[in-house]
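The values are calculated or read from the model by the stated rules, or taken from the named source; none is laboratory data. Owing to the predicted nature of the structure, the values given are computational and were not obtained by experimental measurement. Backbone-built Cβ (ideal geometry, glycine too); neighbour counts: all protein chains shown. Ligands, DNA and RNA are excluded from the accessible area calculation, which covers all protein heavy atoms including side chains. Shrake-Rupley method; radii C 1.70, N 1.55, O 1.52, S 1.80 Å.
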Amino acid sequence: MRLGYWFAVLGLAVAAAPMWAHHSFAAEYDSTKPVKLTGAVTKVDWTNPHVYFFIDVADESTGRVTNWAFEMAAPSALKPSGWTRTTMKIGDVITVDGTRAKDGGNHGNARSVTLTSTGQKLGAGSSEGRGKSPY
């Protein structure tokens with residue numbers, strides 16, 4: 001009986017480990033640095049714990065293209081908002097409203113994504129303002 005109890009405790013600890021390791025929004029992103037970028041999708045990673053997508057953004061003054069990465073919520077959290085694995089495809093032009101990373105790099109946390117071809121605006125499940133992300 002006692003051995004079974006310890007196996008149950010160990011099982012719960014192992015299952016909860018990813019939750020303890022998960023970052024908060026404030027640890028990685030700076031809510032005082034909003035970004036709004038338009039570019040062509042170069043890659044979509046539709047996986048847990050977060051969906052990531054990448055876009056090529058051209059600087060209007062120099063024409064220089066920079067690849068940006070954006071984090072969204074988990075696939076299961078995005079589906080109720082209308083997202084599917086194929087909503088965003090490589091080559092699609094989109095506009096992203098989000099928050100830039102604290103380190104100033106070319107990555108951020110997306111709040112919303114607008115598909116240029118249809119004008120459809122979808123929430124991205126940002127954890128901004130929620131403390132530790134449940135995703």
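Observations
- Test: residue in the stretch 64-77 that is among the hydroxyl-bearing types (Ser, Thr, Tyr), modelled with pLDDT of 95 or more and in contact with a Lys or Arg (Cβ under 9 Å, 6 or more places away or on another chain): no
- For GLY125, the conditions (1) in contact with a helix residue (DSSP H, G or I) (Cβ under 9 Å, 6 or more places away or on another chain); (2) of a type outside the set (Val, Ile, Thr); (3) farther than 18 Å from THR32 by Cβ; (4) surrounded by fewer than 16 Cβ atoms within 10 Å (Cβ to Cβ) all hold with the exception of (4).
Here is a yes/no grid of residues against (1) of a type in the set (Lys, Arg); (2) not in a loop (DSSP other than H, G, I, E, B):
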site	(1), (2)
ASN48	no, no
ASP56	no, yes
ASN67	no, yes
ARG85	yes, no
GLY108	no, yes
SER126	no, no
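- Residue among LYS79, LYS89 that is in a loop (DSSP other than H, G, I, E, B), more than 20 Å from PRO34 (Cα to Cα) and of a type in the set (Lys, Arg): LYS89
- Selection count where residues are open to solvent by less than 60 Å² (accessible area, probe 1.4 Å) and in contact (Cβ under 8 Å) with a residue 12 or more places away in the chain, scope the stretch 31-55: 13
- Applying a threshold of 6 Å to beta carbon distances and a minimum spacing of six or more residues, or different chains, the list of pairs starting in the stretch 68-92 at a residue that is touching a residue at least 12 places away in the same chain (Cβ under 8 Å) and within 28 Å of LYS102 (Cβ to Cβ) and ending at one that is open to solvent by 90 Å² or more (accessible area, probe 1.4 Å) and in a loop (DSSP other than H, G, I, E, B) reads ALA74/ASN48.
- Selection count where residues are under 16 Å from the mean Cα position of the chain (by Cα) and either open to solvent by 60 Å² or more (accessible area, probe 1.4 Å) or basic (Lys, Arg) (or both), scope the stretch 90-122: 5
- Filter pass, ALA58 being among the aliphatic types (A, V, I, L, M) and either in contact (Cβ under 8 Å) with a residue 24 or more places away in the chain or buried (at least 18 other Cβ atoms within 10 Å of the Cβ) (or both): no
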